[in-house]
Amino acid sequence: MTDQKPLLQLIHVQQLYTSGQRRFVAVQDVNLAIHEGEFVALLGPSGCGKSTLLRIITGLQKPSEGQVLYRGTPLQGVNPYATIVFQTFALFPWLTVKENVELALIARGVPAETRISRTLDLIDRVGLDGFETAYPRELSGGMRQKVGFARAMAVEPELLCLDEPFSALDVLSAESLRGELLELWLSGKIPTRAILMVTHNIEEAILMADRLIIMDKDPGRIVAEMPITLTHPRQRKSLEFQDLVDQVYALLAGQTQPEPIELGSAPGEPGKTRALPRITINDLAGFVEYLNEQPGHRADIYQLPEDLGIDSDHVLRLTETTELLGFATIEKGDIQLTPLGETFAEASILARKEIFATRIRRLPLVRWLLNLLRRAEENRLDWDFVLAALELEFPPDEAEQQLDILIDWGRYAEILSYDDNQGVIILEPVATPERAM
Ligand code: ADP
Ligand code: MG
């Protein structure tokens, strides 16, 4: 750490949002300093407030509380020294690559004489030489994102902010663009003084950054920081690298909490309603079976994306689901099936449904829906009605997702049914045990 003044500093930053009728803390007490020469990666599960922080840092949004200092001075309005590159960069489809980049220079008032040569230079630097007169529709996703980078560089930001810049690209384009960005950054060919990259790709963060900041959600907050001192070029397969990946997974997957904390509260109760993880029954069953086949019925979470061929976000949602259902516990980056999880893995289809039904009845959101249905006329409710109720708890997109999950899980557990044509959710009568004569 230098004793220089930080380029950017967040002091006790807090962001409240309103979702439905509820105010919630999206970002809680964030303190963060970014120094010149640093490449910082911000990691954390979806919804932990990463994009919110980037908007606050670039001045696109004023935090509910706290201070944002740029070179020691409180930020007023949009930060002219910072730029964001988003996941998918919006290019003007009717302009060529050259015109798209040049536009950024025009916006900055760069005189016409130098504009063309600077534009061509930028295009060259991101490796798009030869595509100056192509239109966005003629380019691959990776190439379009390069134009986005060129445009961001044209602004010559001191602080370059990247919001999941590679996540919409195919594997190869992402890898080559990472390489090119690192090369630009490490060689000092760009005037950028610091980079802040949001990602949920753990390996990408360790590959590129000098320091990781790890966030968790509910409420969104920083839970750990980790310096990465490996020299470039970094070797993904090296032991040191893999060891870091393991450590980060351990921090992100967290520890299994006592049940009341783990489950959260139901809508209408005090406390935050815990959203159900976006996981299908198929994936859940496959995952539990997989764990059951592993030696000791356990696995290192960091190895799961490669072993299962899915991304880290998906893995973390799976581990969260098994944990929520009591099928597994998580400690220090390992996931271990519980006896209940083993029973589930080995059970018949019917027995599985029963176990699953018992487990999800404990979840506050499921309890809440079943209560609503019990009180409803004929134990039926319109989908729209339930959605509207969920929108008091969650933002509209998420409310709909939550309802989809509730219906998917509830149908499998046979505790409710759903009539697709009429858009009606119906409570299943509780089966009375048959008596043997
Ligand atoms: P991330 O980028 O880490 O996925 P975001 O910063 O986008 O997280 O969002 C953090 C939380 O705040 C999420 O629960 C999201 O639904 C919510 N949120 C984001 N923007 C708004 C907004 N403008 N109004 C209300 N809620 C929001
Ligand atoms: Mg985001």
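The values are calculated or read from the model by the stated rules, or taken from the named source; none is laboratory data. This one's a predicted model, so the numbers in the text were calculated from it and none came from an experiment. With ideal geometry, Cβ positions are generated from the backbone for all residues, glycine too; neighbour counts draw on all protein chains shown.
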### Message
Being within 16 Å of ligand 1 (Cβ to nearest atom) and of a type in the set (S, T, N, Q) is the filter here; which residues of region 144-200 pass it?
### Response
S167, T199
## Note on the structure
Scanning region 234-259 residue by residue, those closer than 21 Å to R178 by Cα and assigned to a loop (DSSP other than H, G, I, E, B) turn out to be R234, Q235, R236, K237, S238
### Query
Can you tell me which residues in region 145-175 are charged (D, E, K, R), touching a helix residue (DSSP H, G or I) at 6+ places or on another chain (Cβ under 6 Å) and over 20 Å from L207 (Cβ atoms)?
R151
### Message
Cβ contacts < 9 Å: first residue under 19 Å from H35 (Cβ atoms), restricted to region 204-219; second residue of a type in the set (D, E) and outside any loop (DSSP other than H, G, I, E, B), any location; separation 6+ or different chain. Result?
### Response
R211/E225; L212/E225; I213/E225; I214/E225
#### Entry: Filtered residues of region 15-53 (kept if within 8 Å of ligand 1 (Cβ to nearest atom) and outside any strand (DSSP E or B))
G44, P45, S46, G47, C48, G49, K50, S51, T52, L53
### Task
Among the numbered conditions (1) exposed (fewer than 14 other Cβ atoms within 10 Å of the Cβ); (2) at positive phi; (3) in the same structural domain as A345 (by TED's automatic domain parsing), tell me where E293 comes up short.
(2)
### Query
What number of residues in region 37-55 are away from ligand 2 (no atom under 13 Å from the Cβ) and either at pLDDT below 95 or out of contact with any strand residue (DSSP E or B) (no Cβ under 6 Å at 6 or more places or on another chain) (or both)?
1
### Message
I need a count of the residues in region 383-407 that are assigned to a helix (DSSP H, G or I), away from ligand 2 (no atom under 16 Å from the Cβ) and either farther than 12 Å from A275 by Cα or not aliphatic (A, V, I, L, M) (or both).
### Response
12
### Message
Quick check on this structure: which one of R178, R211 is under 28 Å from Y302 (Cα atoms), in contact with a Phe, Trp or Tyr (Cβ under 7 Å, 6 or more places away or on another chain) and surrounded by fewer than 23 Cβ atoms within 10 Å (Cβ to Cβ)?
### Response
R178
### Query
For D382, all conditions in the list (1) surrounded by 16 or more Cβ atoms within 10 Å (Cβ to Cβ); (2) more than 15 Å from F287 (Cβ to Cβ) hold save one; what is the number of the exception?
(1)
### Query
From the list E377, E400, E391, which one is free of Cβ contacts under 8 Å to residues at least 24 places away in the same chain and within 16 Å of ligand 1 (Cβ to nearest atom)?
E400
### Flag for S167 being over 30 Å from D29 (Cβ atoms), hydroxyl-bearing (S, T, Y) and in the same structural domain as Q87 (by TED's automatic domain parsing)
no
### Query
Restricting attention to region 108-149, and to residues there that are of a type in the set (S, T, N, Q) and buried (at least 21 other Cβ atoms within 10 Å of the Cβ), which single residue is nearest to V171 (Cα to Cα)?
Q145
### Query
Is region 85-93 home to any residue that is within 28 Å of the chain's Cα centre (by Cα) and not in a loop (DSSP other than H, G, I, E, B)?
yes
### Task
Would you check if S64 is of a type in the set (S, T, Y) and within 16 Å of ligand 2 (Cβ to nearest atom)?
no
### Task
Could you pull out the residue among L105, L43, L53 that is surrounded by 21 or more Cβ atoms within 10 Å (Cβ to Cβ), among the hydrophobic types (A, V, I, L, M, F, W, C) and more than 24 Å from the chain's Cα centre (by Cα)?
L105
